[in-house]
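The values are calculated or read from the model by the stated rules, or taken from the named source; none is laboratory data. Every value quoted in this text rests on a predicted model; they were computed, and no experiment measured them. Please note: Cβ atoms are built from the backbone with ideal geometry, for glycine as well, and neighbour counts cover all protein chains shown. Just so you know, the surface numbers come from the protein's heavy atoms only, side chains and all, with ligands and any DNA or RNA stripped out. Shrake-Rupley method; radii C 1.70, N 1.55, O 1.52, S 1.80 Å.
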Amino acid sequence: MTRPPDANNPLRVLILGGTTEARELSESLAARADIEASVSLAGRTRNPLVLPAPTRSGGFGGVEGLVAHLRMEKIDALIDATHPFAAIMSRNAAQAAALASVPLLALVRPAWERLPGDIWQEVEDVPHAVAALGDAPRNLLVTLGRNEVRALEAAPQHSYLIRSIDPVEPKLALPSARYIETRGPFVEAEEHALLVANNIDAILAKNSGGSASYAKIAAARALGLTVIMITRPQRPDVETVATVDDALAWLERLAPAS
Ligand code: NAP
């Protein structure tokens, strides 16, 4: 960044979003005259929360498409605030930022850590999670993305309570699957009640981190239930911060307040 940004010549920031952190960052930047933020969403959620910044939706068309977007929109800085499991997008962001010579920061919330009393069975991906369920029928709460749950069809001996933001369509070819559509944040007392009322004996979840969906993990701990926890995919080796405040500080270094 060679020019000091100002209201007539703001720093143009693209936030790759889909997370609470991306939304909070765009909210923090909304009133800034010297920073002009826009947000890109994958377009996975039918009714995403409205953001206080221009928002585009849908893939760019791989690395090349993102490079073209960065150039066409004259983006000065890229913040990858995608979901910790959006590994392809994060890899594309790293490659595109390097090719377009645009400074890149990853904003990634820390993973949940195992606490005393947690019974976690950690697995590397959804197929391994399904294999880890074993042969004996179980009663599971599943909190995977609606595009990931189709893998459950490989284990029809279990009963599934599947929770997602948008409906799973078409429904899974499973003899015992029920569906709940809801969006977090969730609270522990309600998660506890849900687990007890549905006689759940294990949860199948991703290690998303953050507070919005942690309540089920705390409730499982209190009830002594197993969590089959999918660990995070590898991320590209780029400058990374864990909080919105740290992302703001990084932007401040690119766009010192005048
Ligand atoms: P992904 O596998 O990393 O990305 C697949 C493709 O989606 C990317 O190559 C890109 O298409 C497009 N894409 C992803 N994020 C984008 C963004 N912010 N703006 C524009 N395009 C984007 O990610 P995913 O398929 O979204 O999800 C993978 C995992 O993340 C799943 O476990 C899912 O449940 C979880 N997750 C994702 C989100 C989200 O908002 N993406 C939210 C919650 C959970 P092009 O190559 O065409 O550019």
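Taking 25 Å as R0, compute the FRET efficiency from the Cβ-Cβ separation of residue 30 and residue 239 and round it to 0.05.
0.55
Tell me, what % of the accessible area of segment 83-221 is carbon and sulfur with a 1.4 angstrom probe?
Details: 3530 of 6390 Å².
Within segment 83-221, the accessible surface is 55 percent carbon and sulfur.
Roughly how many nanometres apart are two label points built 7 Å out from the Cα toward the Cβ at residue 246 and residue 139?
A separation of 4.1 nm, rounded to one decimal place.
To the nearest 10 square angstrom, how much accessible area does residue 83 have with a 1.4 angstrom probe?
The value for residue 83 is about 50 Å².
Under the 0.36 nm per residue contour assumption, what length would be gained going from the current alpha-carbon distance of residue 150 and residue 115 to full extension?
The span from residue 150 to residue 115 would gain 9.6 nm if fully extended.
Taking the Cβ of residue 85 as the center, what net charge do the other residues with Cβ under 15 Å away carry, scoring Lys and Arg +1 and Asp and Glu -1?
Spelling it out: positives minus negatives among the neighbours equals +1.
Relative to the longest principal axis of the C-alpha atoms of the chain, give the angle of the C-alpha long axis of helix 62-72, reported between 0 and 90° and rounded to the nearest 10°.
For 62-72 against the chain, the angle is about 30 degrees.
In square angstrom, rounded to the nearest 10, how much accessible surface does residue 125 have for a 1.4 Å probe?
For residue 125, solvent-accessible area is about 50 Å².
Name the lysines eligible as straight-distance cross-link partners of residue 216: C-alpha to C-alpha under 29 Å, and not fewer than 8 places from it in the same chain.
In chain and number order, the partners are 171, 206.
Output needed for segment 87-128: three equivalent-ellipsoid semi-axes, defined as square roots of 5 times the C-alpha gyration tensor eigenvalues, in descending order, whole Å.
For segment 87-128, the ellipsoid semi-axes come out as 33, 15, 4 Å.
Can you quote the Å³ per residue value for the convex hull of the Cα atoms in segment 90-239, rounded to an integer?
Taking only Cα atoms, segment 90-239 has a hull volume of 128 Å³ per residue.
Quote the accessible area belonging to residue 60 in square angstrom, nearest 10, computed with a 1.4 Å probe and with ligands, DNA and RNA left uncounted.
40 Å²
How far is the Cα center of segment 14-36 from the Cα center of segment 210-233, in Å?
Spelled out, the Cα-based centre of one part sits 28 Å from the other.
Once a ≥ b ≥ c are taken as the square roots of the eigenvalues of the Cα gyration tensor of segment 31-112, is the result rounded (a/c under 1.5), prolate (a/b larger than b/c) or oblate (a/b not larger than b/c)?
Judged from the Cα gyration tensor, segment 31-112 comes out rounded (a/c under 1.5).
Quick one: go through segment 227-252 and flag any residue whose amide nitrogen is under 18 Å from the point 7 Å out along the Cα-to-Cβ line of residue 98.
Label zone hits: 234-240.
Please report, for the Cα atoms of segment 1-146, the Rg to one decimal and the Dmax as a whole number; what are they, in angstrom?
Here Rg and the maximum Cα pair distance are 18.7, 65 Å.
7 Å from Cα along Cα→Cβ at both residue 173 and residue 131: what's the point-to-point distance in nm?
Going by the 7 Å Cα→Cβ label model, 2.2 nm.
Compute the FRET efficiency between residue 88 and residue 181 as 1/(1 + (r/R0)^6), taking r as their Cβ-Cβ distance and R0 = 25 Å, and round to the nearest 0.05.
Working from the Cβ atoms, E equals 0.45.
Keeping all protein chains in place, calculate the accessible area per residue for the chain (probe 1.4 angstrom), answer in Å².
49 Å²
First select every other residue whose beta carbon is under 12 angstrom from the beta carbon of residue 170; then total the charges, Lys and Arg +1, Asp and Glu -1.
Once all neighbours under 12 Å are counted, the net charge is +1.
Once both axes come from the Cα atoms, what is the angle between helix 188-197 and the longest principal axis of the chain, in degrees from 0 to 90, rounded to 10?
The angle comes out near 30 degrees.
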